[in-house]
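Below you'll find the structure, written out as structure tokens, and then a few comments.
The values are calculated or read from the model by the stated rules, or taken from the named source; none is laboratory data. Computed from a predicted structure; not experimentally measured. We place every Cβ from the backbone using ideal geometry, glycine too, and count neighbours over all the protein chains shown. Surface accessibility is based on the protein's heavy atoms, side chains included, excluding ligands, DNA and RNA. Shrake-Rupley method; radii C 1.70, N 1.55, O 1.52, S 1.80 Å.
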Amino acid sequence: MQEIKDTIKFIQEVYKTKDLIPLHAPHFGGNEKKYLLETIDSTFVSSVGPFVDRFENHMASLTSTKKAVAVVNGTAGIQVALKLVGVKHGDEVITQALTFVATTNAIKYNGANPVFIDVDLDTMGLSPQAVEQFLLENAELRENGCYNKKTGNKISACIAMHTFGFPVHLDELKKVCDKWNIPLIEDAAEALGSYYKNKHVGTHGEISVFSFNGNKIVTSGGGGALVTNNIDLGNRAKHVTNTAKVPHPYEYVHDELGYNFRMPNINAALACAQLEQLTSFLNNKRELALAYKSFFNAIGINFRTEQEHTKANYWLMCVELNDKKERDLFLKETNDQKVMTRPIWQLMFKLPMYENCIRDEQKNAIYLEQRSVNIPSSVRIK
Ligand SMILES: *Cc1c(COP(=O)(O)O)cnc(C)c1O
């Protein structure tokens, strides 16, 4: 296909190389080395230190939330977020099958079971209409929450994921969740710097999670952050991710089963240096998205852009081919030429540990899975 050859050439020109072009490489162009050396010189490399506090303050201010808590990675953050909104063993949690496996694993770590509801084609994220339809057909409201009439289990949370940094329909989803008395959590792991109606994503649910893994828009090596406007929930998050240790000058008192999910200060140092560059990364990626958009429009390949009323961070850029055959050809030819491209994740109900989970028809998720491809999206060095 000529379009694929043209695409390879265009991406090689964009990144000015014919060597391997990664999907998303981190960019260290600020105070990274300085802050890392500071932590080593101070000896505070581990789970407490000034960079942890600074990172938490930066995250709270960036998202305009009342409390941010640094954690060891995004997955652990989701696990704790679910626990804190009340997810218990045997419960059901509504989520999307089109996601990275971490979202679903975090549900299972709490002993709960995912219920896979379809995504919207326009956002690639959890569909408020599909959630509402599932609840109308399957759920009933009782005094202490929402229950699945057919299984008898409590539906104790709903977790939506902002795919590749494109926000889901948050207002509509929140409305459905409120109506059915189900706490909403946002898996905003991919969406740092994305906005929905001028509010940062991750601020619409009860509590939300960001990831700072090496492939995300900014990285701490590995790491995550919880954010919430509910101070009590935020304080609880800090407590349970810090081994549930009760402050005391010297005694070891732990008042519940806590986790060692703290972000080390050395990782927080890296995160702080990276966050200082977020605005420039966002601008740089938006510029790239515009260049991709006009290129792909001209050759007739569908390039995904942000929805009205939203601002996407363009973490991973995404094209949609006409069918699976074309997708497979695109993947093969680009990767053969060292232009790294990747399909979307295999839908969760295809994985052995989730194949028996409750799910709806998944029409849109299947459609997107067969056609979507991520293309190189790293910040370009000028
Ligand atoms: C990256 C990611 C996570 C998990 O983050 P880690 O920090 O790698 O544990 C969770 N959900 C989604 C959708 C992600 O992309």
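Using a cut-off of 17 Å between alpha-carbon atoms, which lysines can reach Lys88, once sequence neighbours fewer than 8 places away in the same chain are excluded?
Lys108, Lys154
Could you give me the ³J(HN,Hα) list for the range 130-136, computed from phi with Karplus coefficients 6.51, -1.76, 1.60 and θ = phi - 60°, whole Hz, x at Gly and Pro?
Karplus-based 3J(HN,Hα) across the range 130-136 equals 5, 5, 4, 4, 4, 5, 4 Hz.
Along the Cα-to-C-beta direction of Lys382, a point sits 7 Å from the Cα; which residues of the range 251-287 have their amide N less than 20 Å from that point?
Those under the cut-off are 274-287.
Skipping prolines and chain starts, which residues have an amide H placed within reach, meaning under 5 Å, of the one on Asn153, given they are 5 or more residues away or on another chain?
The list, which skips near neighbours in sequence, is Asn148.
Under 30 Å Cα to Cα from Lys325, which lysines show up? Leave out anything in the same chain fewer than 8 places away.
The qualifying lysines are Lys5, Lys9, Lys16, Lys18, Lys216, Lys285, Lys293, Lys338, Lys350, Lys363.
Hey, can you grab everything whose amide H is under 5 Å from the amide H of Asn73? Only 5+ residues off in sequence or another chain; H modelled, so Pro and N-termini drop out.
So Asn73 has HN proximity to Gly224.
Would you kindly derive the ³J(HN,Hα) couplings of the range 347-352 from the backbone phi angles with the Karplus curve 6.51 cos²θ - 1.76 cosθ + 1.60 (θ = phi - 60°), listing them in order in whole Hz, with x for Gly and Pro?
For the range 347-352, the Karplus curve yields 4, 4, 6, 8, 7, x Hz.
Among Leu37, Ala130, Ile155, whose Cα sits farthest toward the positive end of the charge dipole of the chain (+1 at Cβ of Lys/Arg, -1 at Cβ of Asp/Glu, about the Cα centre)?
Selected residue: Leu37.
Give the carbon-plus-sulfur fraction of the accessible surface of the range 32-275 in %, rounded to a whole number; probe 1.4 Å, heavy atoms of protein chains only.
That share works out to 53 percent.
Which of rounded, prolate or oblate describes the chain when judged by the alpha-carbon gyration tensor and an a/c cut-off of 1.5?
Judged from the Cα gyration tensor, the chain comes out oblate (a/c at least 1.5, b/c at or above a/b).
Keeping all protein chains in the complex and leaving out DNA, RNA and ligands, what accessible area do you get for Glu361 with a 1.4 Å probe, in Å² to the nearest 10?
140
Using 0.36 nm per residue of separation minus the Cα-Cα distance, give me the extension gain between Asn198 and Ala25 in nm, one decimal.
Here the answer is 59.5 nm.
Could you give the dipole magnitude of the range 32-275 about its Cα centre, charging the beta-carbon of Lys and Arg +1 and that of Asp and Glu -1, in debye to the nearest 20?
Roughly 280 debye for the range 32-275.
Over the chain, what is the relative contact order in percent, taking alpha-carbon pairs closer than 8 angstrom and at least six residues apart?
24
Suppose the chain between Glu172 and Asn302 were pulled fully straight at 0.36 nm per residue; how much longer would it get relative to their current alpha carbon spacing?
44.2 nm
Let's see if you can work this out: charge +1 on each Lys and Arg Cβ, -1 on each Asp and Glu Cβ, no other charges. What is the dipole magnitude of the range 205-350 about its Cα centre, in debye to the nearest 20?
So the dipole magnitude of the range 205-350 works out to roughly 340 debye.
Which of the lysines could a cross-linker bridge to Lys67, judged by Cα under 20 Å and excluding same-chain residues fewer than eight apart?
Lys83, Lys199, Lys238, Lys245
Ignoring ligands, DNA and RNA, what accessible area per residue does the range 32-275 give at 1.4 Å, in Å²?
Value returned for the range 32-275: 38 Å² of accessible area per residue.
Tell me the net charge near Leu82. Cut-off is 14 Å between Cβ atoms, Leu82 excluded, with +1 for each Lys or Arg and -1 for each Asp or Glu.
Result for the local shell: 0.
Given the rule -39500 (n - 2.57) for each run of at least 4 DSSP H residues, summed and divided by the residues of the chain, what is its mean residue ellipticity at 222 nm, to the nearest 500 deg cm²/dmol?
Taking each H run of at least 4 residues, the total per residue is -12000 deg cm²/dmol.
Counting only DSSP beta bridges with both residues in the chain, what percent are antiparallel, rounded to the nearest 5?
Counting DSSP beta bridges with both partners in the chain, the antiparallel share is about 65 percent.
Which order do peptides 320-328, 109-117 fall in by mean Cβ count within 10 Å, highest first?
109-117, 320-328
How far is it, in nm, from the label point at Asn57 to the one at Glu287 when both lie 7 Å from their Cα along the line to the Cβ?
Placing both labels 7 Å beyond Cα along the Cβ direction yields 3.1 nm.
Taking the mean number of other Cβ atoms within 10 Å as a proxy for protection, how do you rank 332-343, 212-223, 366-377, 265-276 from highest to lowest?
Taking the mean over residues of other Cβ atoms within 10 Å, the ranking is 265-276, 212-223, 366-377, 332-343.
Work from the charge dipole of the range 32-275 (Cβ charges, +1 for Lys and Arg, -1 for Asp and Glu, about the Cα centre) and give the residue of Met263, Leu275, Val218 farthest towards its positive end.
With unit charges placed on the Cβ atoms, the residue in question is Met263.
Can you tell which of Gln2, Asn364, Val201 lies farthest toward the positive end of the dipole of the chain, using +1 and -1 charges on the Cβ of basic and acidic side chains (Lys, Arg; Asp, Glu)?
Gln2
Under a Cβ-only charge scheme (Lys and Arg +1, Asp and Glu -1), can you give me the dipole magnitude of the range 26-90 about the Cα centre, in debye to the nearest 20?
340
Between Ala244 and Glu276, 0.36 nm times their residue separation minus their Cα-Cα distance comes to what?
8.4 nm is the gain from fully extending Ala244 to Glu276.
Provide the net charge surrounding Gly193, with neighbours chosen by a C-beta distance below 11 Å and charges set as Lys +1, Arg +1, Asp -1, Glu -1.
+3
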